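The values are calculated or read from the model by the stated rules, or taken from the named source; none is laboratory data. The structure displayed is predicted, hence computed values, not measured ones. Glycine gets a Cβ as well: all are built from the backbone with ideal geometry, and neighbour counts include every protein chain shown.
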Amino acid sequence: MQNAKICLYPRDASEAVRILSENGKRALILAGGTTASANEDPQVTILVDLTRMGLDTIEWEKGQWTIGCNVRLDQLAQHPGLAALYGGMLVEAVQAVGSTPIRNAVTLGGSAVQVFRWSDPPVALLAMDACFDLQGPGGERTLGADAFFAQHPQRVLNPAEILTRIRIQESEEDSGGAFVKLAKTEVDLAVVDVAVRLICSGRRCTDLRIVVGATQTLPWRAQAAEDLLTGKRLGGRAIAAAARAAREAARCRDDVRTDGEYRAEMVEVMVRRALKMARERARQQS
Amino acid sequence: MDLQLTLNGKRVVWQAEPGENALDLLRRHSLSSVKWGCGEGDCGACTILLDGRSVRSCLLVAAQLQGREVTTVEGIKEPAGPPHPLQTAFVEKGAVQCGYCTPGMLLSAKALLASNPSPSTEEVCRALDGNLCRCTGYQKIIEAVQLAAGRMRD
Ligand SMILES: Cc1cc2nc3c(=O)[nH]c(=O)nc-3n(C[C@H](O)[C@H](O)[C@H](O)COP(=O)(O)OP(=O)(O)OC[C@H]3O[C@@H](n4cnc5c(N)ncnc54)[C@H](O)[C@@H]3O)c2cc1C
């Protein structure tokens, strides 16, 4: 950022989009700044601080949560209403991020767009089938979570397009969810993340999303595991079989923290654990 | 750019490069309690309070401070007044050895006590989870925070 000459503070999303489209690669977005502050691209001459344009509230209306891109993780973690959304899995995922001062800076928008292999909140957002509202020079559009995370979100966004809001629909049926992270310490990056969201009718699971994070470049749905359980009762054996299916589908990388083989084993363990937690939470609700 | 912020309760206007690291900026203005540790957001030696929240100054650029309130350890007590109860408690409990992590610890603890005057041990640990100490270990630091919390409640 050695060549940055000015910083602009757009007052709303339209102004931000205009600044970004006029300046192309010269402009760099700052949200919480926790990754952007280390940007060393010499082309960058204009900083665009998105945090002054509102979009910093958490709202609930008619069974839908709307979260502005500038809401910080500490705000999400402390929000009383979100603790009941799908078993509190979003709160679990944001609490899993780094340490207190990191959560006090990182925004949900930054966390969703600037995805690293080990990023935690995207795993829960994909499992909850969140909707992503985007605004760009061509207008506004909304992507479902599967489309938003189909490639790296920074490639999914068009030039000068920003993420403005994330929306999450509550279920009217009995539902449950869980996010679990395996890491070497409380504040370390994930070895494996798993998020599960399930919707039930009686004892039968009618809709299930199982997402694994930290093993590949992007979080991915363990569809073979989902297929084994959807429409069924979630007994111990069925859960164990689904967890094995997730492990078989996992393409796990080696890194400094651990090797791919251990990661794959832990995918099985963590999927099993998350499914059991989500099942218990759904039962408590019914 | 003209950077306007409230630093330790006083309005200041500084000349700054917008992309300058906030930690460098603060040290350039003689706020030497803010330490360079890892420079990557892991260690917490550069902790400041931004609008009352503990954050890493090494992960901020100058432009992000525009219009904000910044608190460093230089500002947690009156210039001529006695030390802050947290500072006194850290001394009494022997919670300081080399001292490099202490400013960050004090600020994280101050932010905690502002929102939670009677934290449990677990809550203290959680609030300090982003501040590493390489000398004493954490026991005395936790005890000091709780001693100060008790005195500040009285
Ligand atoms: C020491 C450390 C530990 C961490 N640990 C974890 C962890 O355990 N788990 C985890 O999940 N994360 C962790 N993080 C956070 C993660 O690495 C990113 O830094 C963070 O998610 C970025 O969010 P931000 O709000 O700071 O975005 P910024 O750094 O400000 O923005 C980064 C980029 O994202 C894009 N962007 C941001 N907001 C928008 C928007 N609204 N629309 C379009 N584009 C946008 C822009 O391209 C921008 O340049 C850690 C970070 C650090 C420094």
Any strands (runs of 3 or more DSSP E) falling wholly within the stretch A:8-99 and containing at least 3 residues that are within 14 Å of chain B (Cβ to nearest Cβ): A:27-30, A:46-49
Can you name the condition, by its number, that A:V44 falls short on among (1) more than 9 Å from the ligand (Cβ to nearest atom); (2) of a type in the set (A, V, I, L, M); (3) free of Cβ contacts under 8 Å to residues at least 12 places away in the same chain? (3)
So, in the stretch B:9-58, how many residues would count as being touching a residue at least 24 places away in the same chain (Cβ under 8 Å) and within 18 Å of A:I102 (Cβ to Cβ)? 20
Restrict the check to the stretch B:71-90 and report whether at least one residue is within 14 Å of another protein chain (Cβ to nearest Cβ) and farther than 30 Å from B:D2 by Cβ. no
Which members of the stretch B:53-83 meet the condition of being in contact with a Leu (Cβ under 9 Å, 6 or more places away or on another chain), of a type in the set (A, V, I, L, M), assigned to a loop (DSSP other than H, G, I, E, B) and away from the ligand (no atom under 16 Å from the Cβ)? B:I76
If you scan the stretch B:19-42, which residues turn out to be in a loop (DSSP other than H, G, I, E, B) and more than 10 Å from chain A (Cβ to nearest Cβ)? B:H29, B:S30, B:L31, B:S32, B:S33, B:V34, B:K35, B:W36, B:G37, B:C38
Can you tell me how many residues within the stretch B:15-50 are buried (at least 17 other Cβ atoms within 10 Å of the Cβ) and farther than 25 Å from B:M105 by Cβ? 5
Every residue in the stretch A:94-104 that is more than 6 Å from the ligand (Cβ to nearest atom) and in contact with a Ser or Thr (Cβ under 7 Å, 6 or more places away or on another chain), please. A:T100, A:P101, A:N104
Is the stretch B:90-99 home to any residue that is assigned by TED's automatic domain parsing to the domain that holds B:K140 and touching a residue at least 60 places away in the same chain (Cβ under 8 Å)? no
Any chance A:V113 is more than 14 Å from every other protein chain (Cβ to nearest Cβ) and near the ligand (Cβ under 8 Å from one of its atoms): yes
Of A:P153, A:P137, the only residue that is within 28 Å of A:N39 (Cα to Cα) and near the ligand (Cβ under 10 Å from one of its atoms) is A:P153
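Every residue, every condition in (1) within 15 Å of the ligand (Cβ to nearest atom); (2) of a type in the set (S, T, N, Q); (3) within 30 Å of A:M53 (Cα to Cα), yes or no:
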| residue | (1), (2), (3) |
| --- | --- |
| A:E173 | no, no, no |
| A:T185 | yes, yes, no |
| A:V191 | yes, no, no |
| A:V194 | yes, no, no |
| A:L218 | yes, no, yes |
| A:Q223 | no, yes, no |
Within the stretch B:46-53, identify whether any single residue is over 26 Å from B:A114 (Cα atoms) and more than 8 Å from chain A (Cβ to nearest Cβ), and answer yes or no. no
With A:L73, A:L108, A:L90, A:L82 as the choices, which residue is surrounded by fewer than 22 Cβ atoms within 10 Å (Cβ to Cβ) and either more than 7 Å from the ligand (Cβ to nearest atom) or in contact (Cβ under 8 Å) with a residue 60 or more places away in the chain (or both)? A:L82
Here is a list of conditions, (1) within 25 Å of A:T57 (Cα to Cα); (2) in contact with a strand residue (DSSP E or B) (Cβ under 6 Å, 6 or more places away or on another chain), and A:D174 meets all of them except one; can you say which number that is? (1)
Just to check your reading of the model, which residue among A:E268, A:E261 is of a type in the set (D, E) and crowded, with 16+ Cβ neighbours inside 10 Å? A:E268
From A:A246, A:A242, residue being at pLDDT 95 or above and over 21 Å from the mean Cα position of the chain (by Cα): A:A242
